[in-house]
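Below you'll find the structure, written out as structure tokens, and then a few comments.
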Amino acid sequence: MKWEYKIVYINAKKRTSSGLPDEINEQFDKYGSEGWELVKIEPKLDGGFMAFGFGWIHQTVGYVAFFKKPLT
């Protein structure tokens, strides 16, 4: 089977009470109705900084979501 892929960036700096933008659920529901399957989500980290006693600290600035669906 051959697959079609979609990669979506989610800006994590746009916070809500759930911790992610509200439109993410709407967007992911739309992708699902179009046949896209969420395969994986990876955090995108900033360059980080050195925190005394803790080592190198990174902040999540976004997420990259990977979707796939069968080619038609």
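Using the alpha carbons alone, the radius of gyration of the chain stands to its Kirkwood radius in an Rg to Rh ratio of 1.12. Taking the Cα centre of the chain as reference, the dipole from Cβ charges on Lys and Arg (+1) and Asp and Glu (-1) amounts to some 180 debye. Considering only Gly55, Trp3, Leu38, the residue lying farthest towards the positive end of the dipole of the chain is Gly55, judged by Cα position with unit charges set on Cβ. Among Gly47, Gly55, Gly32, the residue with the largest mean-square fluctuation in a Gaussian network model of the chain, with springs joining Cα atoms closer than 10 Å, is Gly55.
Each helix, a run of at least 4 DSSP H residues, gives -39500 (n - 2.57); summed and divided by the residues of the chain, these come to -4500 deg cm²/dmol at 222 nm.
How much length is gained on full extension from Phe66 to Asp29, taking 0.36 nm per residue of separation minus their Cα-Cα distance?
Difference between extended and current length: 11.9 nm.
Relative to the longest principal axis of the Cα atoms of the chain, the long axis of helix 23-33 lies at roughly 30 degrees. Near the amide H of Ala12, within less than 5 Å, lie the amide hydrogens of Gly62, Tyr63, all on another chain or at least 5 residues away, with H placed in the peptide plane.
Values quoted throughout were computed directly from the atomic coordinates according to the rules given, and no laboratory measurement underlies them. Predicted model only: the values in this text are computed from it and were never measured. So basically every Cβ, Gly included, is an ideal-geometry build from the backbone, and we count neighbours across all protein chains shown.
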